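K.L.:
Here it is, the structure, as structure tokens.
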Amino acid sequence: MGFTASGISATTVTTDQQAPLGFVLTVPDGDNGAQEWVYVKTSAELTKGLVGGRAIAAISSAYTVGVGAATTTRAAAVGVAQHTIASGSYGFILRRGVGSVLADGSVTQGVDIMPAGSGKVTDLTGTAEHKVIGQAFATDAGTGATDFVLAAIDCGV
């Protein structure tokens with residue numbers, strides 16, 4: 001597998017556009033293989049671990065994203081923020097690879113995860129396979145706003 005060469009890094013965040021929206025940056029991640037980061041513009045602030053998704057009722061661009069909702073499907077989930085990107089700013093979110101997700105207090109190690117609302121993730125429930133965006137490597141502590149869980153992320157963009 002090759003890697004993408006560019007003049008910006010996965011942690012670059014700016015208020016002006018530095019790359020085409022949807023640009024994919026591929027970087028090595030040691031024993032975890034590779035990570036694929038997608039360049040987006042935010043319509044709401046994304047902080048570490050939040051799912052970035054398209055607002056289904058107000059799609060204006062494939063790569064303008066807000067905070068994922070409980071109704072966000074895999075096809076609408078663009079990636080998961082690994083650092084803060086302010087509303088109206090540009091940056092990369094992780095679409096494929098190992099990274100942190102913010103759990104809702106009910107994520108179990110080894111279980112598939114899906115958007116739960118407010119950008120967090122939860123365990124797959126019922127027949128919602130169309131919402132799966134990854135698999136958790138740990139059980140979350142259930143302590144609130146900082147329930148970060150390492151996960152294999154695979155969003156549908």
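Let's see how each residue does on (1) assigned to a strand (DSSP E or B); (2) surrounded by fewer than 16 Cβ atoms within 10 Å (Cβ to Cβ); (3) touching a Phe, Trp or Tyr at 6+ places or on another chain (Cβ under 6 Å); (4) at pLDDT 95 or above:
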| residue | (1), (2), (3), (4) |
| --- | --- |
| Ser9 | no, yes, no, no |
| Asp31 | no, yes, no, yes |
| Trp37 | yes, no, yes, yes |
| Val40 | yes, no, yes, yes |
| Ala44 | no, yes, no, no |
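K.L.:
From the list Val78, Val51, Val40, which one is within 18 Å of Leu21 (Cα to Cα), touching a Pro at 6+ places or on another chain (Cβ under 6 Å) and of a type in the set (Val, Ile, Thr)? Give the derivation first.
P.N.:
Values: Val78 fails: touching a Pro at 6+ places or on another chain (Cβ under 6 Å); Val40 fails: touching a Pro at 6+ places or on another chain (Cβ under 6 Å).
Only one candidate qualifies: Val51.
K.L.:
Could you please let me know if Ala62 is at pLDDT below 95, hydrophobic (A, V, I, L, M, F, W, C) and over 30 Å from Gly105 (Cβ atoms)? Before you say what the answer is, go through the steps one by one.
P.N.:
Working: at pLDDT below 95: yes; hydrophobic (A, V, I, L, M, F, W, C): yes; over 30 Å from Gly105 (Cβ atoms): yes.
Here the answer is yes, as Ala62 does meet what is asked.
K.L.:
Here's a follow-up. Suppose we filter segment 114-142 for residues that are part of a strand (DSSP E or B) and more than 14 Å from Gly53 (Cβ to Cβ); how many remain? Working first, answer last.
P.N.:
Within segment 114-142, the first condition is being part of a strand (DSSP E or B), and the residues that meet it are 114-117, 120-123, 134-136.
Filter once more, so that each one left must be more than 14 Å from Gly53 (Cβ to Cβ): 122-123, 135-136.
Residues in segment 114-142 being part of a strand (DSSP E or B) and more than 14 Å from Gly53 (Cβ to Cβ): 4 in total.
K.L.:
Any idea how many residues of segment 25-56 are of a type in the set (A, V, I, L, M, F, W, C) and farther than 11 Å from Ile93 by Cβ? Step through it out loud before you land on a result.
P.N.:
Step one: of segment 25-56, the residues of a type in the set (A, V, I, L, M, F, W, C) are 25, 27, 34, 37-38, 40, 44, 46, 50-51, 55-56.
Those left that are additionally farther than 11 Å from Ile93 by Cβ: 27, 34, 44, 55-56.
Counting residues in segment 25-56 that are of a type in the set (A, V, I, L, M, F, W, C) and farther than 11 Å from Ile93 by Cβ gives 5.
K.L.:
Moving on. Among the residues of segment 103-114, are any at pLDDT 95 or above, over 16 Å from Gly134 (Cα atoms) and surrounded by 14 or more Cβ atoms within 10 Å (Cβ to Cβ)?
P.N.:
no
K.L.:
Also, quick follow-up: Find all pairs meeting these conditions: Cβ atoms under 7 angstrom apart; at least six residues apart or on different chains; first residue within segment 18-47 and touching a residue at least 60 places away in the same chain (Cβ under 8 Å); second residue among the acidic types (Asp, Glu).
P.N.:
Once the first residue is touching a residue at least 60 places away in the same chain (Cβ under 8 Å) and sits in segment 18-47, its partners that are among the acidic types (Asp, Glu) give Val24/Glu36; Gln35/Asp29.
K.L.:
With the structure loaded, tell me whether Ala152 is assigned to a strand (DSSP E or B) and buried (at least 16 other Cβ atoms within 10 Å of the Cβ) or whether it fails that test. Quick ask: steps written out before the conclusion?
P.N.:
Numbers: assigned to a strand (DSSP E or B): yes; buried (at least 16 other Cβ atoms within 10 Å of the Cβ): yes.
Yes; evaluated as a whole, the condition is true for this residue.
K.L.:
Could you list, in sequence order, all residues of segment 16-29 that are loosely packed, with under 13 Cβ neighbours inside 10 Å and either small (Gly, Ala, Ser) or assigned to a strand (DSSP E or B) (or both)?
P.N.:
If the condition is that a residue be loosely packed, with under 13 Cβ neighbours inside 10 Å and either small (Gly, Ala, Ser) or assigned to a strand (DSSP E or B) (or both), then Pro28 is the only one that fits.
The values are calculated or read from the model by the stated rules, or taken from the named source; none is laboratory data. Computed from a predicted structure; not experimentally measured. Because the Cβ atoms are built from the backbone with ideal geometry, glycine has one as well, and the counts that use them run over all protein chains shown.
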